[in-house]
Every structure is written in C-alpha cells, then in structure tokens.
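Enquirer: After the structure tokens below, expect a handful of questions from me.
The values are calculated or read from the model by the stated rules, or taken from the named source; none is laboratory data. The structure displayed is predicted, hence computed values, not measured ones. FYI the Cβ positions are ideal-geometry reconstructions off the backbone, even for glycines, and counts take in every protein chain you see.
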Amino acid sequence: MTQRSVVSWNSILAGYVRCGDFDSAGKVFEEMPYRNVVSWTTMIAGCAQNGKSEQALLLFGQMRRARVEFDHVALVAALSACAELGDLKLGRWVHWYVQKRQQQPSVRLNNALMHMYASCGIIDEAYQVFTKMSRKTTVSWTIIIMAFAKQGLGKEALDLFKDMLSDDVGENGVKPDGTTFIGVLCACSHAGFVDEGRRIFESMIHTWRISPRIEHYGCMVDLLSRAGCLDEAYGLIETMPFKPNDAIWGALLGGCRIHKNSELASQVANKLVAELDNNDQAAGYLVLLSNIYAFAERWQDVISVRQKMIEMGVKKPPGQSWIQINGVVHNFVVGDMTHKHSSLIYETLCEITEQARVEGYKPDITEVLLDVEG
C-alpha cells in the first residue's frame, strides 16, 4: 500500500490481536505513526481478554498519560484487568472517571464495576453500583449473587435470587441462567442450606429446563460434603452423566476432612491421584489425605502417603496471597526467603505465634503439619 491510514494500521493490529500474536501486535502498535482511541482500545482489550492483565493496565496507564479520551471498551477492559489483579486503587479511579464523564453508564460498564469491586472483596460498593442501575440484566443479577456467595453471605445471596425471580422475570425478560445457579448453589454450600440447595438444583432442571453442567454437580457435591452427607455426595458423583474431575473429588475429599471420614477419603484419594496427569495437582490432595489420616491417628498411613509423594517426586505447591499498599501489589509465597528482612519477619511471626499459644489459642493438627512443611 502506498498510503496507509490509521484505519488500515488498526486493521492489521486487530488481526494480530485476534490471532493471539501479541508480539507482532506490539511491533505494529509501536510502528504506528498515529494512534487513535481504537488503536489503544484494541491492545488493552486484547490483553485483558487473553490473561495479560498487567500488560493491559500498563497500556491503560500510557493511554491515560497520552491524554486520549477513554471509550467504553477500554474502561470495561481496564476494570476486568483490575478485577483479575485485585487493583482496587485503579478500579476506583476508573469508577470516578465514569461518574465524571459518563452521563448514564451502560449496563456492561456497571457490570464491570460490580465485578471489580466484588473481586477485590468490597461487597458494599458492588451492591451500591447494583442498586443504582436503572436496568439490570441476567448478568447483573448473577454478578451480585455470586459476589455475596463468595463472601460467605449465603442468606443475602438467596434473598437476591428471590428478588430476581419476583421482580424481573416476565417484566424485563430477565431469568436465571446456568451461571446464576452456580452462584446460588455456591451460596447454599457456604451457608449450609442443604434442603434449599436440593430444591434449587431440582428447580433448575424441572422448572427452568437447564441441564446441569459439571460445575453444578460440583456445587452440589461441595454442599452435601460440607454438611456431612458424604454417602449422598458419593452417590451423586456415581450417577452424574460426566466423568468426575479433580474439583469434584476434591470437594468430597474436603468433606471427609471436615467430618473425619478417613475410610472414604482413602477411596477418593486413590481415584483422584490415578486420574490426575499433573503430579503437582496430585500433591495438594495427597497432603490433604495425609492430614485426614493424622486426624484419625493413622500414623502408618500418614507415612505411606508421604513416602508416595517422595516416590512421585512432588511436593505441595506453596500457598500464595497478595495485598495492595499505596497502589503497589505485593505478593507473598509460603516459605519465601528472598526478602532482605526475612529472618526478622519469621522471628516476629514466631513470637506472635507463641504469644497466641500463651493466650490460649491452640492450633489444630492441620496447621501444625503445614507449619512443619513450611
């Protein structure tokens, strides 16, 4: 082409992004003699939708410094990346920007704001966005129901589900879908509403004509296992029309730990480990089985499981957590000694732990074993 407009450059850029070739997309983006809002949005949304959240927010910051007016797609993509990384500070800035520049945010933008706040654990602000929405879709209801469910607010999540059914079905064409029921069943699981969970699972099939996916069965197995209905949970696994995955078996194994059923745990773990291709995945479940045996004081079985892990050459993946301070996200890994003050940190931790014991706090066997592993 003897002449290339910004439209032709954007077309090439979009082509690389859609093919997942971000190296070539990045080169094209850098070579562009002029970038408009479509250029920036194509890159930001492409990164956010393909698991490159950090890169998406880096580009969003560059777009902001370039004083390019954000469009709807860029804002939604940035909020999605904030939700993925837990970047509450930037997410709140985007919310402020939306309130300042947008007369009436779209449903999709409000949904992205709710998702961001919910992912960061700020349930009150997510709910405020929800209540101010003039129009709510199935996705809107599902996001807020799942937000309450993940925070352990089972009753509130179920109340929202009832409001959804009574207020909107038949009026605005809003009705629950399969994802909505995952959130509702998750709420029942964490709140211990066994009978309600059974009823909702049946209504999903017979009233709403939604065929359960393996995620729905996983929620039911988790619900029954947490409540101690281990035989019922095991029976459900045997009758479901899918091959159980590690999440299904893991939910049942977790119930065995809670209710100290070492016999069933042994059966479940053997099936689980045999089906897993990834040894690192198997390691976590083997550690859980070892702890269940320890609860039951089956010390020979504890030794056998640990020996099996040695033979497989695996160890439990380290736990991780992160926190945001002054806009910077800090990541923490169990057993990490890279920090220059790590010795002082662990010494202080030991002092706190000892003080807790003096005050009457007694760790259970699981914490002791994890402490030894660390």
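Enquirer: In segment 342-363, what residues are loosely packed, with under 11 Cβ neighbours inside 10 Å and either at pLDDT below 80 or in the same structural domain as GLU54 (by TED's automatic domain parsing) (or both)?
Expert: GLU359, GLY360, TYR361, LYS362
Enquirer: Residues that are among the polar types (S, T, N, Q) and touching a helix residue (DSSP H, G or I) at 6+ places or on another chain (Cβ under 8 Å): find the helices (runs of 4 or more DSSP H) completely inside segment 133-207 holding 2 or more of those.
Expert: Working: elements: 138-150, 154-167, 178-191, 194-206.
Once the helices (runs of 4 or more DSSP H) in segment 133-207 are filtered for at least 2 residues that are among the polar types (S, T, N, Q) and touching a helix residue (DSSP H, G or I) at 6+ places or on another chain (Cβ under 8 Å), what remains is 138-150, 178-191.
Enquirer: How many residues are at pLDDT 95 or above and touching a Leu at 6+ places or on another chain (Cβ under 8 Å) if we restrict to segment 159-186?
Expert: 2
Every residue, every condition in (1) modelled with pLDDT of 95 or more; (2) more than 16 Å from ALA78 (Cβ to Cβ); (3) of a type in the set (Gly, Ala, Ser), yes or no:
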site	(1), (2), (3)
GLN3	no, yes, no
SER11	yes, yes, yes
ARG18	no, yes, no
PHE22	no, yes, no
GLY26	no, yes, yes
SER39	yes, no, yes
MET43	yes, no, no
ASN50	no, no, no
SER53	no, no, yes
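Enquirer: Checking ARG213 against (1) of a type outside the set (S, T, N, Q); (2) touching an Asp or Glu at 6+ places or on another chain (Cβ under 6 Å); (3) farther than 25 Å from ASP301 by Cα, which single condition isn't satisfied?
Expert: So ARG213 meets the others, but not (2).
Enquirer: Among the residues of segment 198-219, write down those that are farther than 19 Å from PHE242 by Cβ and of a type in the set (Gly, Ala, Ser).
Expert: Selection gives SER203 alone.
Enquirer: If a residue must be among the hydroxyl-bearing types (Ser, Thr, Tyr) and at pLDDT 95 or above, how many such residues does segment 226-254 contain?
Expert: 0
Enquirer: With the structure loaded, tell me whether TYR293 is of a type in the set (Ser, Thr, Tyr), in a helix (DSSP H, G or I), crowded, with 17+ Cβ neighbours inside 10 Å and under 23 Å from the mean Cα position of the chain (by Cα) or whether it fails that test.
Expert: Here the answer is no, as TYR293 does not meet what is asked.
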